[in-house]
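So the structure is just underneath, and the comments pick up after that.
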Amino acid sequence: MNYTQAHNKLEENKFSEKCILVKGNSASGKTTLAISKYMDLIENKNIKSSNILCLFMNRFQNITWTKDMIFNTTSEIRKSSYYGFIRRELSLYWPYVTQNCKEIKINILKPEFASFDATNYAMKALVTHFRKSKGFFQDITSTSSKIASDLISNINNAALSLVPFDEIGTRLYNSLEINDFLVKETYNQLDEVTMYYISKLLSNGACDYGLSFYLYNNYLLHDSRYTSINNIKYLIVDDIDEASPAEQELVFKIINKVDNAYLFYNPSGGMCSYYGANTDYFKSKLNIEYHEITLDDHFCCNDDFIKLASVIDNRAHNSYMHERISEDVPAFIDMSSQLRAEMVQKIMLKIEELLNQGLKPKDIAIICPFNDFIILYELHKKAKELNISVMETSKKDRFIDNEYLHPLIVLSVLCNDYKSIRLTNEDYKNFFSFMLRLDPIRSSLLYPFAKEGGLQDLSADIEDRVGSEAVSKYNELKQWIQSYKVKLIDRTESLGEFFRNAFSQVLARLPKVKEHIEDYIGLYESCEGFINTLDKLEFKGKSCEERFIEFIRGEGSGFYSMNEIQEMLLDNNSIVLTSPYTYLTSNLSSKVQIWTDINSNVWTPRNAGELSNSYVLKSNWNSDDMYTEKIENKNGYGILMSVVNCLLRKCKRELYIYGSEYSLSGFQQESKFADILIEILSERGETIDRGDE
């Protein structure tokens, strides 16, 4: 069925079944149909928006769902991601949760939602503590940071898959191909640290990402007093194929109560298995009567790329298949680079060539399998040269690297008695250079006068060398710090409040500061959430504020706000730099795609880590089964083929593929996936540049 036929059928709504399943591959028009149906219900069928629940994947899709929707209604708008939905429900019905969950020991009106950064920092600190005090994880080669990441991932995956937390260690241990007593002890230790972390958060009324799903599904969804979902008459779920079992439980509970449910499903989807996607679970739940509509259109690519996706998939699963593609397929591969730096430079030259051919920056998407700081750096250089910009969809840079935020960190140390924080000479030099508008040489003259207790009087010869204007600004800073410290004698102030005051009173007078208000808000919100979480976990020793400063000076990074994401998506002058998953879950498409590092195994990330395995934490995995390398390879390639199929369906004009013999770390790399691409493209007559081979 084509898009128009499906659109008309959905508007007519003459279905005997209450559940309508709209099937279609990537870029077949599912999201557009879903939005159209939502608007039709409100504008033409006069359904109150408060009686319609829409669920989609993430913040990027929220923008797609929101940008064209202006309704003349006073009713509540109920559309969000699943996580956004349950956060709201937990906040509204928290008393029910606290009554049902005996692990919560504190009576508060709303839960404390722990930030991602805070929970990772907290878990890392716990792992470090248990390693030192109890000798845990002695046979594990990973750092405490990596172990912490694995443990948080386990909690999230278990919660999304409705697997009890106390089964995590057993499932992981049973899945190993080699078992012995010492290994079993390691997984007992994993359980102990995990349950300690969960207990501490819950007892203090706090929940992180994974615990939010756990509390909602175990203590609210099935409470007879919970009536929030009873007034939903229409349900719309976009990308149900990427939904976790936890979300699917909510969806099918609501379907029993609604007039109509519209589920939009990609049969080639389920690629976000790391985030709980489970199409097998969905198929097992879809045991109700439903009407199926299948979309045959594809709007973001030509037939050649559809064919290429099919040939790649067939060749990956059957090496004896020799179906070929047309010689006209606009896909080009260059594997001639020995060093990765060569590959990066070729990509930059290709970008310049494409722009010179008349392409707009927004028409080009660079798709990297990992967060690539080298390509990002080179791309920013090229963008500056060409007077364009870069839209990077991952985390922002570190807070400490932002010249408008770094001064706030320095000021916080100068104004507060943080015993464990020692700023470097470089910190002070950069601080004075930025705040006083001095060159590096003159700013370096001032750092001997900066102490953790404040700023000291300058000597006469230093005043002469830096100039009267800089001296005046220096003295203003010194006076502000002294006044602030006097005020602290009579009252206390949180670090977040300090950032707010310092920004408005000191930094606000600097040029271009308004352009960085979103950055400041991100720092402030990160600070508040981080400290609140650590307070709940009852950390001893250093204050939570000192721990936040320590975190910020290390790995702390910001996230793009909704406004920033929207501005980036509307910017026609920006080249997109993104990962395959973000590209596919953000409703982005482009005329030209550039795939990097094609022979890197990061294109097929492993499910199984040293202390984690998202696959064995799925609800439909037999907890007594062994997870073999054969299963790992099958799962990895299954997800890769889904990603490749969806990427090609969002490439309108040309595909350029690049790889290098050596990785970013200097290791020689090989990839079955790269070999398949080379083989297919060489068979259609395309010349493959592989250097001297």
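The values are calculated or read from the model by the stated rules, or taken from the named source; none is laboratory data. Computed from a prediction, not measured in an experiment: that's the story for all the values here. Cβ coordinates were reconstructed from backbone atoms using ideal geometry, including for glycine residues, and neighbour counts include every protein chain displayed. Surface accessibility is based on the protein's heavy atoms, side chains included, excluding ligands, DNA and RNA. Shrake-Rupley method; radii C 1.70, N 1.55, O 1.52, S 1.80 Å.
Limited to region 117-157, what total is found for residues that are of a type outside the set (S, T, N, Q) and either more than 13 Å from residue 197 (Cβ to Cβ) or assigned to a loop (DSSP other than H, G, I, E, B) (or both)?
The qualifying residues number 10.
Kindly list the number of the only condition in (1) within 21 Å of residue 437 (Cα to Cα); (2) in contact (Cβ under 8 Å) with a residue 12 or more places away in the chain; (3) open to solvent by less than 70 Å² (accessible area, probe 1.4 Å) that fails for residue 529.
Among (1) within 21 Å of residue 437 (Cα to Cα); (2) in contact (Cβ under 8 Å) with a residue 12 or more places away in the chain; (3) open to solvent by less than 70 Å² (accessible area, probe 1.4 Å), the lone unmet condition for residue 529 is (1).
So that you can scan it fast, the table gives a plain yes or no per residue for (1) hydrophobic (A, V, I, L, M, F, W, C); (2) surrounded by fewer than 20 Cβ atoms within 10 Å (Cβ to Cβ):
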{"site": "304", "(1), (2)": "no, yes"}
{"site": "317", "(1), (2)": "no, yes"}
{"site": "333", "(1), (2)": "yes, no"}
{"site": "338", "(1), (2)": "no, yes"}
{"site": "350", "(1), (2)": "no, yes"}
{"site": "359", "(1), (2)": "yes, yes"}
{"site": "367", "(1), (2)": "yes, no"}
{"site": "371", "(1), (2)": "no, yes"}
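So the check is Cβ under 9 Å with 6+ separation or different chains; which pairs have a first residue in region 475-497 that's farther than 21 Å from residue 528 by Cα and a second one that's open to solvent by 50 Å² or more (accessible area, probe 1.4 Å) and part of a helix (DSSP H, G or I)?
The qualifying pairs are 480/505.
Being aliphatic (A, V, I, L, M), out of contact with any Lys or Arg (no Cβ under 8 Å at 6 or more places or on another chain) and over 18 Å from residue 237 (Cα atoms) narrows it down to one residue among 86, 77, 63, 70; which is it?
Sole residue among the options that is aliphatic (A, V, I, L, M), out of contact with any Lys or Arg (no Cβ under 8 Å at 6 or more places or on another chain) and over 18 Å from residue 237 (Cα atoms): 70.
Please specify each residue of region 194-226 satisfying the condition of being under 27 Å from the mean Cα position of the chain (by Cα), open to solvent by 20 Å² or more (accessible area, probe 1.4 Å) and farther than 26 Å from residue 618 by Cβ.
Residues satisfying the conditions are 200, 204.
Of 657, 680, 639, 676, which residue is touching a strand residue (DSSP E or B) at 6+ places or on another chain (Cβ under 6 Å), among the hydrophobic types (A, V, I, L, M, F, W, C) and on the phi < 0 side of the Ramachandran plot?
Values: 680 fails: touching a strand residue (DSSP E or B) at 6+ places or on another chain (Cβ under 6 Å); 639 fails: touching a strand residue (DSSP E or B) at 6+ places or on another chain (Cβ under 6 Å); 676 fails: touching a strand residue (DSSP E or B) at 6+ places or on another chain (Cβ under 6 Å).
After ruling out the rest, the residue left standing is 657.
If you check 545, 550, 538, 610, which single one turns out to be buried (at least 19 other Cβ atoms within 10 Å of the Cβ), more than 21 Å from the chain's Cα centre (by Cα) and either at pLDDT below 85 or more than 29 Å from residue 267 (Cα to Cα) (or both)?
From the options 545, 550, 538, 610, the qualifying one is 545.
If residue 139 satisfies all but one of (1) open to solvent by 30 Å² or more (accessible area, probe 1.4 Å); (2) under 30 Å from residue 250 (Cα atoms); (3) modelled with pLDDT under 95, what's the number of the condition it fails?
(2)
I'd like the residue in region 252-269 that is part of a helix (DSSP H, G or I) and open to solvent by 10 Å² or more (accessible area, probe 1.4 Å) and, out of all such residues, is farthest from residue 280 (Cα to Cα).
Pass one, region 252-269, residues part of a helix (DSSP H, G or I): 252-255.
From what is left, the residues that are open to solvent by 10 Å² or more (accessible area, probe 1.4 Å) are 252-253.
Details: 252: 15, 253: 18 Å.
Only one residue tops the list, namely 253.
What helices (runs of 4 or more DSSP H) completely inside region 380-482 contain at least 2 residues that are of a type in the set (Ser, Thr, Tyr) and open to solvent by 30 Å² or more (accessible area, probe 1.4 Å)?
Hits in region 380-482: none.
Of the residues 631, 598, which single one is at pLDDT 90 or above, open to solvent by less than 60 Å² (accessible area, probe 1.4 Å) and not in a loop (DSSP other than H, G, I, E, B)?
The conditions single out 631.
Could you list, in sequence order, the residues of region 1-32 that are of a type in the set (Phe, Trp, Tyr) and either open to solvent by 60 Å² or more (accessible area, probe 1.4 Å) or over 21 Å from residue 300 (Cβ atoms) (or both)?
15
If you scan region 227-251, which residues turn out to be within 30 Å of residue 104 (Cα to Cα), in a loop (DSSP other than H, G, I, E, B) and open to solvent by 10 Å² or more (accessible area, probe 1.4 Å)?
227, 228, 230, 231
Within region 158-188, work out how many residues are in a helix (DSSP H, G or I) and touching a strand residue (DSSP E or B) at 6+ places or on another chain (Cβ under 9 Å). It would help to see each step written out before you state the result.
Initial filter on region 158-188 (in a helix (DSSP H, G or I)): 158-160, 165-174, 181-188.
Narrowing the set further to residues that are touching a strand residue (DSSP E or B) at 6+ places or on another chain (Cβ under 9 Å) leaves 171-172.
Going through region 158-188 one residue at a time, the tally reaches 2.
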